[in-house]
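Notes for the one structure printed next.
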Amino acid sequence: MTAVRPAVPRSPAAPAARRFLRNRMARAGAVFLACVGLLALAAPLVAGHDPNAVDLAAFREPPSAAHLLGTDSSGRDVFARLVHAGRVSLLVGLLSALAAVALGTLLGALAGMFGGPVDAVVMRAADVVLSFPSLVVVVVLAGVFGPSTAMLVLVFAAGNWPTACRVVRGLTLSLREREYVQAARAFGAGRPTVIGRHVLPAVLPQVAVVGTLLVAQLILLEAVLSFLGLGVQPPQASWGNMLTDAQNLTLIQTMPWLWLPPGLAIALTVLAVNFVGDGLRDAVDPKGARS
Amino acid sequence: MLSYLLRRLLTGAAVFLLISVGVFLLVRAAPGDPVLMMVDPEQLAAGGPAFLAAKRAELGLDQPLPVTYGIWLRDALGGDLGYSFVSRRPVAEVLGERMGPTVLLMGTALAIGLVLAVAAGTVAATRRNTAIDYATTVASLGTVSVPSFFLGIATIYLFSLKLGWTPSSGMSTPGGGGAADVSAHLVLPAAVLGLSIAGPFTRYVRAGLLAELGADYVRTAEAKGAGPARVLVRHALRNALVPLVTVVMISVPQLLAGAVALEQVFSWPGMGQLAVSSVGMLDYPVVIGFAMFVALLVLVCNLAADLLYAAADPRISLS
């Protein structure tokens, strides 16, 4: 028996990827998301109709061969709107989660690395920001400045950085005491260098988990706000604003094709993102899995 | 303890002041002249610009910004949040009469959510890693994934329109009323809102209970002959529910956010519905009054969460 040491040190990514792929629900979620993503990307090719083409002669028609999911109150094709809406809803969710996580990671690393008053101010701000529901903030800002998609992304990013910040701060505090970081400091590496070279790569897996779960939350939030008329504005379709019409009882009762498809699209997509996020968390941190 | 309380109150007040500056700037940024909205058009026509300037001076709006902020804050703290552009009534009064229905909806939803979460969390923790445990995990992921407004529409479709079991909207039947009537209207929105918070709560109950069931005192209780039910309910569950108090307090503002959407779906005459319809009618004073109310609620809930956490667990010392 000879002790064979691998020539290349194995990265922790490989076993994590294996653990992720063993998780059946995470796998199903990933496949579903890939399909939704492809449909959204290929929206103009698969839609078959212009999502904003108004046809008052074909008003609220039930599903047929010409209109797979029927038409809405302006005679627009529901399927075409559904796939185009996917683009907006996914983009808002991804973009704002990315911005929130980037901001949170930066602030968390700074707070953990510098400590003292920087830490105190950042963490206090995190507590306050986290306790304000983004939904209410958007309601108020939309009330004063008028609703817009750009504002959604800004408020989502500004209101959701604390989760990533807390995680990164905690990891940075423990990384700061590790020998290799101490060694780097002793060799004269400044704190920004340590953050860039040692902290950011080390926290990336955990940040990815936080970010994925945040995407799910923000897709939901965009949907609610657009449903209330405070988010993505028509004629631009989003999954949420496609349901705005469903505040009318006759329509709910007799035209389920108008509200069921976008509602299911939101629910299934968010569920899939949550499955993937849960799978990632268990893969990144096997000790914490199902504790 | 006292010094901690004092410090928390001070930081709370500082945060509230900061927020009030933000809200005040929003008030000033809001389009539309509040004085024009307030004065009687006939008086304005008679008095002209001089009358308008006098009115402005009377309200202190001709002063520099920091002074107007001081006046605004003093009035706001005294409960004077200005007048609604739409109903021309004081904002505090308009918001106040909507508070009851919202508190009723949130309270019932909270009760439903907690009962569901304690039941599901207990079952999941005591039958750990069985099919029923995995099922509760998936179910709790499901409840946080389905948008509550969509679930609300779906329940209206099924229970109100197809089965005819419950009324579909409003808080009482016109001309009717009474506790039974209001309850019938309350069931669906409260159940949907309760379900939306039951998911995260279930996870806390499960994790907390698992930690307690592994503790030494549980083994001691078992060794002394306490039956499994007694150990679970009298010993482990009681301790596991302590941290939940904090989670519940922190969730109250989120619950209010959830109520905003459901009040709209179920035409429930609460503050959320008022806020959304005020946005639609460009009634800024009401929207801003709602913002001030939420800010106060958030700060009070955070403080309560900290204090309850310490009060419920003597091992925690606040310093």
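A short reminder: the numbers here are calculations on the coordinates, not readings from a lab. Because the structure is a prediction, the values reported are computed rather than measured. Counting neighbours? That spans all protein chains shown, and the Cβs are built from the backbone with ideal geometry, glycine included.
Protection proxy ranking for B:217-230, B:4-17, A:237-250, B:199-212, using the average of other Cβ atoms within 10 Å per residue and placing the highest first: A:237-250, B:199-212, B:4-17, B:217-230. Rounded to the nearest 20 debye, the dipole magnitude of chain A is 1480 debye, with +1 charges on Lys and Arg beta carbons, -1 on Asp and Glu beta carbons, and the Cα centre as origin.
The distance between label points at A:ALA34 and B:VAL21 comes to 5.2 nm (points 7 Å beyond Cα on the Cα→Cβ vector). Segment A:208-286 and segment B:130-172 have Cα centres spaced 15 Å apart. Between 0 and 90 degrees, the angle of helix B:271-280 with respect to the longest Cα principal axis of chain B falls at about 40 degrees. The calculated FRET efficiency for B:MET99 paired with B:ALA211, based on their beta-carbon distance and R0 = 35 Å, is about 0.40.
Using the Cα coordinates of segment A:56-209, the gyration tensor eigenvalues translate into equivalent-ellipsoid semi-axes of 46, 19, 10 Å, sorted from longest to shortest. What percentage of all Cα-Cα pairs in the protein assembly as shown are separated by more than 40 Å? Within the protein assembly as shown, distances greater than 40 Å cover 35 percent of Cα pairs. For chain A, the percent of C-alpha pairs falling in each 5 Å distance bin, counted from 0 to the bin holding the largest distance, reads 1, 5, 10, 13, 14, 14, 12, 10, 7, 5, 4, 2, 2, 1, 0, 0, 0.
Ordered by the number of other Cβ atoms lying within 10 Å of each residue's own Cβ, fewest first, B:MET99, A:MET123 fall into the sequence B:MET99, A:MET123.
Note on A:229-241: average number of Cβ atoms from other chains within 10 Å of each residue's Cβ is 1. Placing pseudo-labels 7 Å out from each Cα toward the beta carbon at B:LEU6 and A:THR254 gives an inter-label distance of 6.9 nm.
Ranked by the mean number of other Cβ atoms within 10 Å of their residues, highest first, the peptides A:276-282, B:306-312, B:109-115 come out as A:276-282, B:109-115, B:306-312.
Averaged over peptide A:140-150, the number of partner chain Cβ atoms lying within 10 Å of each residue's Cβ comes to 5.
Round to a whole angstrom and tell me the spacing of the C-alpha centers of segment B:69-99 and segment B:293-316. Centre-to-centre distance over Cα atoms comes out at 27 Å. The C-alpha atoms of chain B define a longest principal axis, and helix B:65-77 lies at about 60 degrees to it. Averaged over the residues of peptide B:271-284, the number of Cβ atoms from other protein chains lying within 10 Å of each residue's Cβ is 3. With a Förster radius of 22 Å applied to the beta-carbon distance between A:ARG178 and A:LEU204, the computed FRET efficiency rounds to 0.85.
Can you check what the net charge comes to around A:HIS49, using other residues whose Cβ is under 14 Å from the Cβ of A:HIS49 (Lys, Arg +1; Asp, Glu -1)? Neighbourhood net charge equals -3. Cα-based radius of gyration for segment B:188-271, normalised by 2.2 N^0.38 Å, reads 1.49. Of the residues B:LEU65, A:LEU33, the one with the fewest other Cβ atoms within 10 Å heads the list, and the complete ranking is B:LEU65, A:LEU33. Peptides A:145-155, B:155-165 ranked from most to least packed by the mean count of surrounding Cβ atoms within 10 Å: A:145-155, B:155-165. In the protein assembly as shown, helical runs assigned H by DSSP with n ≥ 4 each contribute -39500 (n - 2.57); averaged across all residues and rounded to the nearest 500, the mean residue ellipticity at 222 nm is -23500 deg cm²/dmol. On C-alpha positions alone, give me the angle between the axis of helix A:134-145 and the longest principal axis of chain A, in degrees, nearest 10. For A:134-145 against chain A, the angle is about 60 degrees. Within the shell of other residues whose beta carbon sits under 14 angstrom from the beta carbon of A:LEU280, the net charge comes to +2, with Lys and Arg scored +1 and Asp and Glu -1.
Its alpha carbons give segment B:98-312 an Rg and a Dmax of 19.8, 67 Å.
With Cα atoms defining each centre, segment A:113-190 and segment B:199-215 are spaced 28 Å apart in the structure. Residues B:MET281, A:MET113, B:MET271, arranged from fewest to most other Cβ atoms within 10 angstrom of their Cβ, appear as B:MET281, A:MET113, B:MET271. Distance between the pseudo-spin-label points of B:ALA311 and B:LYS162 (7 Å out from Cα toward the beta carbon): 4.6 nm. Taking a point 7 Å out from the Cα of B:VAL245 in the direction of its Cβ, the residues of segment B:194-211 whose backbone N falls within less than 20 Å of it are B:201-211.
Computed over neighbours whose Cβ is under 13 Å from that of A:LEU135, the net charge equals -2, Lys and Arg +1, Asp and Glu -1.
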